[in-house]
Every structure is written in C-alpha cells, then in structure tokens.
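Okay, structure first, notes after.
The values are calculated or read from the model by the stated rules, or taken from the named source; none is laboratory data. Computed from a prediction, not measured in an experiment: that's the story for all the values here. Cβ: placed from backbone, ideal geometry, glycine included. Neighbour counts: every protein chain shown.
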C-alpha cells in the first residue's frame, strides 16, 4: 500500500513551537510570556460593529476580494501611511489573516525550483508556504550584531539566478527588529537589479517605536515588485477575527484572488464589517496600545540590563530576543528548565529558525504586573545558573 | 519632549496608577526621575493634580453605604450665576461632587450616606431648604459597574493560549 499522507507534507517539519506548547499546557501554574498576540481585547466600538452586522443579518458571502468599502479604507490607509496608491478594485485583496496572504503570494509567484530568500529568525510559515508552493527556501541567518536587520552583503550572497522572492518580515517576530528607511534603501538596488519580487510582511507595522514605520513599497521602483501584506490582528488586537490583506500590482493581485476564491471564497463577513470601523475610527486605540507596549518594552529592557542579560534593543512588534549564550545550554534546554524550575514559559529562539539558537523570545503583550512577576522568576533562575 | 508633553505623559500614567513607583515610571516613560518629581510638585501647586485617591468598591466590604445622584434645578443669582448656591451645597461633608450641567437641570450632585434615611434627610432638610433650590430629583445608585474608567463588575482574565507563534 502506498503512504496515506503526501510525501511533501510528511517531510514538512512541524513548528518547533508546537512541541513546547504541549509541555506548557501540562503545567497549571505557569506564567507565560510566550504569546504572540496582544493582551488587549478588541476595542469595543469595533466589536460592536461586528455584532451589529450580525444583528442586521449580514451573514452572507462578500465578493471574493472582500467588501468594497473595506478595500477602499485599506487603500486610503496605505496611501496615508506610505504614500503609495493601490486601486481598491483590482489591487487589494482581503484575506484570512496575513497568513493566508503569505501562502497565496507564494503559490501565485512560484514555479518549481524557484528560490525564496527567507531571513531568519522569523515567523514560522514562510518556509512551509514556500515548500508547499514548490519553491526552494534559501535561508539567511541574520546576526545579532546587526540587530537582526538584513544586510546588503547577506542578501547578495543568497541571490542566485533562481531567486524569485525575498521575504521581508519587518517589524520582526520573534526578534522585534525593524528595518529603517536607510536599511531598506541599501538593499533596493540588489532587489531591482536581480529582478526579485518582495513579500513584505508588515503585520506589526503599527507597532514601531522609533520613527514611523517605512514600507519598502514606498521606495522608487518597488511598488511594482512587492506584495504588501498587513492585517488587523496586531494593530487593533483582532487576532481571533482572522482578517488580513494584501496589496499588489493588478497582475499579481488578480491571480492571488483567483486562488483565494477557490480555497476560501471570501474572508469572514462579520470581521470585514468590524474592520471597516477599525480603520475609520480606531486610530486612537492604536496609539494607546502602542504607547502601552512601548512602556513595557522600556521597562523590560531596563530589567534585563539590571540582570545583566544581554539583549539588543528592539524597536518593533512586542518581543524582545535576549541572548542566553552565557549559560552554555541550548535555547530548548533553557526554556524547558525555566519552565520546570520557575514555571515561566518563554519560547526558544530555535522555533523561528536554526540561527535562533542561543536566544529566547519573550513577549511583552502582558500587563506590567504580570511582567514583574515573571521577570522576578527569570532573575532567580539565571542567578542560580551563574 | 517639551514640558507640555512631559506633563501630559505623567498625568496619563498616574491618573489610573497613582501608586506607581516613580523610578519605574521614569523608565517606562523614558524620562528622568527628578523631572517627574519636579513636574508633579509643580502640578500639585498649580492645582492640576488635586489629590491621589483610592478607588474602593464598598459593596464588597461589610460597610453599609448608599450613594445618590441628585439633579437640582435652581435660580441663578445676579452677578454670580450658580456659584453661590453650588458653594452652599458642596460645603456639606456628605456631598461628594457637584457639577454644573446643561439640560433640564442646573446642578448634578453625588452624595454618600450610610442609609437611605440619612440621604433623604439631607435632601429634605438641607438641600431643598436652600432658598435658590427650586426642585430636585434623587436617584439612588443600585450598582456600580464601572467607575473612573475601571470596570468593577468583572475581573480581567487572560484567555489566550499559553504559547502561540
């Protein structure tokens, strides 16, 4: 008998985070700093619009690409924030989270053997999406000394004549790294000269603590070769609504919409109505949440400094990525022991790529009080190790 | 960061967290500790910071308290509007707050007492007896769901998965 499951799928490595989740879920009294989503509830006025849409009986499919009103709002938002225009009719697609957009982008662009450059550590889905779309992932191991920003020479070394896509995951999960305008400018020529397309995953763009986030689409020559991905999960604390979007030139967006039509039909209608409210009236919430995250970020960085735990200062998302190399154990060991001995859950850096070895991801999507208790325990733990 | 912005940041932070440790606040707001203390002192003197209060849910204690919200209609006085009558009312120790409002009534008062009787005595004997007071409507507060931006009815619970990518 032949194998039940397709070889491509069995060969796909399951996410390293899954294994850790299983250990944590057995511990009742663990404090977690391991969550990759906001601790805030979705602002009530946004939830209220979702509820209202249900009351009004708006329980049908929308058009494949999503509600026109919402696509209009998205087009306006991208224009206001990045100065780049997308035609809401042909160049904006509403997806089930940013994740779906990543998958669609890979499947729309890749032919067998095409290479996709994935800088790591980064979110867990770029490599599997590449593989399932028939592409070959080429990993760049980002370096702490560069604050995990992608360097031109690193990119240059990864480029071959098969390179089709560069994934640009900034602000970054799990490192919290950002790419500023200057950093982006330094890689643009390489991208254009080598005719590479960019999947720019900017789901954390609203959580940038230095200057305003700059998207690579805003740089000359990049709009026509970039798939801009964003969504509502992080900026508006809407993870469970599963709503994201992609903006791309018509030729690409059309094909992504075709795929989306066959596998999804359309993104959840309720969520789409709520998202219109988020874009129209949610800016204050975004600012408030960003300020709260920023306070926690500064607090955390200071605590690490006092503990003598080495950590570059991240300016994006809601993660810090301290180095645990001084303790002479693997990230996995460190996290497992921290969990068993002090009941604090953090995520091993290796869950986000092999070069995450020697680091752990700590999320600050938690209240200050929660962070304090957890940090107290981490401090005890590392003092015992030293 | 200019003085104005500094002050707003401090006020926003301590408005709901009066007991925050100042050295911790300095880190969180990216400011100097002495700066915060100086600004707070100045704002106290200027009457911008009027006090540091504790939000108590008395219903959860054995202490008996009754709170009422009273709308008052009164005649303004020549040259002084409602200031004089407001002052005559807010001087009573049991009166918690007095606001001048628009609409069908002129003043809105909240008052705390131990019993209904105590409050009704205040309304009939003290408040209505004021010459300028024409009429009032007393509403007893049955339950406080939210006060000073804080939800009292329900506690926050973290319902997220323990680990997510």
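Points to keep in mind about this one:
- Residue check, residue A:330 touching a residue at least 60 places away in the same chain (Cβ under 8 Å), away from every other protein chain (no Cβ under 12 Å) and out of contact with any helix residue (DSSP H, G or I) (no Cβ under 6 Å at 6 or more places or on another chain): no
- Test: residue in region B:138-158 that is away from chain A (no Cβ under 14 Å) and in contact with a helix residue (DSSP H, G or I) (Cβ under 6 Å, 6 or more places away or on another chain): yes
- If you check B:91, B:117, B:60 for being under 30 Å from residue B:13 (Cα atoms) and free of Cβ contacts under 8 Å to residues at least 24 places away in the same chain, only one passes: B:60.
- Filtering region A:78-87 to residues that are in a helix (DSSP H, G or I) and surrounded by fewer than 19 Cβ atoms within 10 Å (Cβ to Cβ) leaves A:79, A:80, A:81.
- Among the residues here, residue A:66 does not qualify as within 14 Å of chain B (Cβ to nearest Cβ), part of a loop (DSSP other than H, G, I, E, B) and surrounded by 14 or more Cβ atoms within 10 Å (Cβ to Cβ).
- Test: residue in region A:214-228 that is assigned by TED's automatic domain parsing to the domain that holds residue A:88, over 24 Å from residue A:186 (Cβ atoms) and within 14 Å of the chain's Cα centre (by Cα): no
- Test: residue in region B:40-48 that is within 11 Å of chain A (Cβ to nearest Cβ), part of a helix (DSSP H, G or I) and free of Cβ contacts under 8 Å to residues at least 40 places away in the same chain: no
- From A:379, A:310, A:342, residue being in contact (Cβ under 8 Å) with a residue 12 or more places away in the chain, touching a strand residue (DSSP E or B) at 6+ places or on another chain (Cβ under 6 Å) and over 22 Å from residue A:237 (Cα atoms): A:310
- Contact annotation: residue pairs with Cβ atoms under 7 Å, 6 or more positions apart or on different chains, pairing a residue in region A:132-160 that is under 18 Å from residue A:193 (Cβ atoms) with a partner that is in a loop (DSSP other than H, G, I, E, B), are A:140/A:150; A:150/A:142; A:150/A:179; A:159/A:194.
- Test set (1) assigned to a loop (DSSP other than H, G, I, E, B); (2) touching a helix residue (DSSP H, G or I) at 6+ places or on another chain (Cβ under 9 Å) - residue A:140 fails condition number: (1)
- Between A:23, A:17, the distinction of being in contact with a helix residue (DSSP H, G or I) (Cβ under 6 Å, 6 or more places away or on another chain), farther than 22 Å from residue A:232 by Cβ and within 14 Å of chain B (Cβ to nearest Cβ) belongs to A:17 only.
- Residue within region A:365-372 that is outside any loop (DSSP other than H, G, I, E, B) and without any contact (Cβ under 8 Å) to a residue 60 or more places away in the chain present: yes
- Condition met for residue B:133 (more than 14 Å from chain A (Cβ to nearest Cβ), touching a helix residue (DSSP H, G or I) at 6+ places or on another chain (Cβ under 7 Å) and more than 30 Å from residue A:367 (Cα to Cα)): yes
- Extreme residue, farthest from residue A:208 (Cα to Cα), among residues of region A:305-327 that are within 12 Å of chain B (Cβ to nearest Cβ) and more than 24 Å from the chain's Cα centre (by Cα): A:306
- Residue A:255 vs. criteria in the same structural domain as residue A:109 (by TED's automatic domain parsing), assigned to a helix (DSSP H, G or I) and surrounded by 20 or more Cβ atoms within 10 Å (Cβ to Cβ): no
- The one condition from (1) within 14 Å of chain B (Cβ to nearest Cβ); (2) crowded, with 20+ Cβ neighbours inside 10 Å that residue A:74 does not meet is (1).
- Residues satisfying the stated conditions in region A:195-213, i.e. in a loop (DSSP other than H, G, I, E, B) and either over 10 Å from the mean Cα position of the chain (by Cα) or under 15 Å from residue A:99 (Cβ atoms) (or both): A:195, A:196, A:202, A:203, A:204, A:206, A:207, A:209, A:210, A:211, A:212, A:213
- Residue within region A:242-249 that is part of a loop (DSSP other than H, G, I, E, B), within 16 Å of residue A:181 (Cα to Cα) and more than 16 Å from the chain's Cα centre (by Cα) present: no
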